[in-house]
Amino acid sequence: KSFTGGVGKLIDKTRSETFHTFMAKDLFLSKRARPDIQQAIAVLTTRVKAPNEADWQKLLRLMKYLNGTKEKVLTLKIEDINVIKWFVDASFAVHDDFKSHTGAIMTTGKGAVQAISRKQKLNTRSSTESELVGVDDISTIILWTKLFLEHQGYEIERNIIYQDNKSTILLEENGRKSAGKRSRALNIRYFFISDQIEKGNVEVEYCPTELMVGDLLTKPLQGTKFIEFRDIILGEK
C-alpha cells in the first residue's frame, strides 16, 4: 500500500499533455465535489513532469472510477454548528523516500467540509511520530477554521481532533512528559498542539481504526472499507 513510483517507459508527448490536463481537472474536482479521490490525486499530481506507463494506467483507472460514479457528489449537512470534528490519520513511511502521508477531514455533521491528503515534509521513525506530525500539518487549518466560524458569530463549544493512535494522543496531551527515547528527538514545534489543548482551543479524542474516516485519504483502500468511508466523506451516511 505504498506510494512507490510505477514502472515502464515514459509516455509520449501527446499522452503526457493529456495526463497533465486531466490531473488539473481532477484536482479541481477533488477540491469541489469529489474529496474521495484526493488520495489518488495527491499521488498522481507528483508525476505530471514525467509520467510513465504505470502512471497512465492509474489515470485511466481513476477516470473509469469517476465515470462509474458520476451520480455521487459531495453533500453537506450541519447537525451541530457549535461542534467541529476532525478525523486525522497518517500512513507511516509509504513514499519512495520513506516519508509518511497525512489525511484529514473536517465535518459538522455529514460530508467533509474540508478534506486534506498530503505528503509529510520530514521523515519520522515510527507511526506514532508520523501521526503527531500529521496533526501538526493540519493544526493551522484546525485553528483557522475555529476562528473563522467564531468571527461569523458562531460559538464553537468543541473543536475535536479524532485519532486512532493512543501513544500520539498522550504526546499531544502531555508534551515532553510522555516522550520516550524514540520521540525525544522530535523538534519542539511538533508539540505546538499540546499548548493549544492546554489553552482549550482543541481537544483530542480516541477513534478506533475501523472508524477512522481519515484513513481513506492516507492509503489506497479497497472493497467494503473504501465504499463505507467514501460514502461518509461524501455525506451519504
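Only one of Tyr190, Tyr162 is at pLDDT 95 or above, of a type in the set (Ser, Thr, Tyr) and either part of a helix (DSSP H, G or I) or closer than 30 Å to Leu74 by Cα (or both). Can you tell me which? Lay out the reasoning, then the answer.
Values: Tyr190 fails: at pLDDT 95 or above.
Matching residue, one of Tyr190, Tyr162: Tyr162.
In region 209-225, which residues are open to solvent by 40 Å² or more (accessible area, probe 1.4 Å) and not basic (Lys, Arg)?
Thr209, Glu210, Leu211, Pro220, Gln222, Gly223, Thr224
Yes or no, residue by residue, for (1) under 27 Å from Lys237 (Cβ atoms); (2) open to solvent by 70 Å² or more (accessible area, probe 1.4 Å):
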position: Gly6; (1), (2): no, no
position: Asp26; (1), (2): yes, no
position: Ser30; (1), (2): yes, no
position: Gln38; (1), (2): yes, no
position: Thr46; (1), (2): no, yes
position: Pro51; (1), (2): no, no
position: Leu59; (1), (2): no, no
position: Leu62; (1), (2): yes, no
position: Lys72; (1), (2): yes, no
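Within region 196-208, restricting attention to residues that are without any contact (Cβ under 8 Å) to a residue 24 or more places away in the chain and open to solvent by 60 Å² or more (accessible area, probe 1.4 Å), which residue is farthest from Thr128 (Cα to Cα)?
To start, the set of residues in region 196-208 that are without any contact (Cβ under 8 Å) to a residue 24 or more places away in the chain comprises 198-200.
After this cut, where a residue has to be open to solvent by 60 Å² or more (accessible area, probe 1.4 Å) as well, the list is 198-199.
Numbers: Glu198: 21, Lys199: 23 Å.
Restricting to residues being without any contact (Cβ under 8 Å) to a residue 24 or more places away in the chain and open to solvent by 60 Å² or more (accessible area, probe 1.4 Å), the top hit is Lys199.
Going by what's in this entry, would Gly175 be described as assigned to a helix (DSSP H, G or I), over 25 Å from Lys119 (Cβ atoms), open to solvent by less than 40 Å² (accessible area, probe 1.4 Å) and at pLDDT below 90?
Working: assigned to a helix (DSSP H, G or I): yes; over 25 Å from Lys119 (Cβ atoms): yes; open to solvent by less than 40 Å² (accessible area, probe 1.4 Å): yes; at pLDDT below 90: yes.
Taking the combined requirement at face value, the residue satisfies it.
Val73 - would you say it is under 16 Å from the mean Cα position of the chain (by Cα), at pLDDT below 95, closer than 20 Å to Asp36 by Cα and in a loop (DSSP other than H, G, I, E, B)? First the steps, then the outcome.
Details: under 16 Å from the mean Cα position of the chain (by Cα): no; at pLDDT below 95: yes; closer than 20 Å to Asp36 by Cα: yes; in a loop (DSSP other than H, G, I, E, B): yes.
No, not satisfied.
In region 104-128, what residues are more than 20 Å from Leu74 (Cα to Cα) and open to solvent by less than 10 Å² (accessible area, probe 1.4 Å)?
Answer for region 104-128, where residues must be more than 20 Å from Leu74 (Cα to Cα) and open to solvent by less than 10 Å² (accessible area, probe 1.4 Å): just Gln120.
Has region 95-103 got at least one residue that is open to solvent by 10 Å² or more (accessible area, probe 1.4 Å) and on the phi > 0 side of the Ramachandran plot?
First pass over region 95-103, keeping only residues open to solvent by 10 Å² or more (accessible area, probe 1.4 Å): 95-99.
Those still in the list that are on the phi > 0 side of the Ramachandran plot too: 98.
Yes, some residue in region 95-103 is open to solvent by 10 Å² or more (accessible area, probe 1.4 Å) and on the phi > 0 side of the Ramachandran plot.
For region 42-55, state whether one or more residues are more than 21 Å from Lys119 (Cβ to Cβ) and in contact with a Ser or Thr (Cβ under 9 Å, 6 or more places away or on another chain). If you could, list the steps in order and put the result at the bottom.
In the first step, residues of region 42-55 are kept if they are more than 21 Å from Lys119 (Cβ to Cβ); the result is 53.
Applying the additional criterion that residues be in contact with a Ser or Thr (Cβ under 9 Å, 6 or more places away or on another chain) yields none.
Taking every residue of region 42-55 in turn, none turns out to be more than 21 Å from Lys119 (Cβ to Cβ) and in contact with a Ser or Thr (Cβ under 9 Å, 6 or more places away or on another chain).
Do we have any residue at all in region 15-22 that's closer than 17 Å to Asp96 by Cα, open to solvent by less than 30 Å² (accessible area, probe 1.4 Å) and in a helix (DSSP H, G or I)?
The initial filter retains those residues of region 15-22 that are closer than 17 Å to Asp96 by Cα, namely none.
The answer is no, given that none of the residues of region 15-22 is closer than 17 Å to Asp96 by Cα, open to solvent by less than 30 Å² (accessible area, probe 1.4 Å) and in a helix (DSSP H, G or I).
The values are calculated or read from the model by the stated rules, or taken from the named source; none is laboratory data. None of these values were measured; they are calculated from a predicted model. Here the Cβ is made from the backbone with ideal geometry for all residues, glycine too, and neighbour counts use every protein chain on show. The area values use the complete protein model at the heavy-atom level, side chains included, leaving out ligands, DNA and RNA. Shrake-Rupley method; radii C 1.70, N 1.55, O 1.52, S 1.80 Å.
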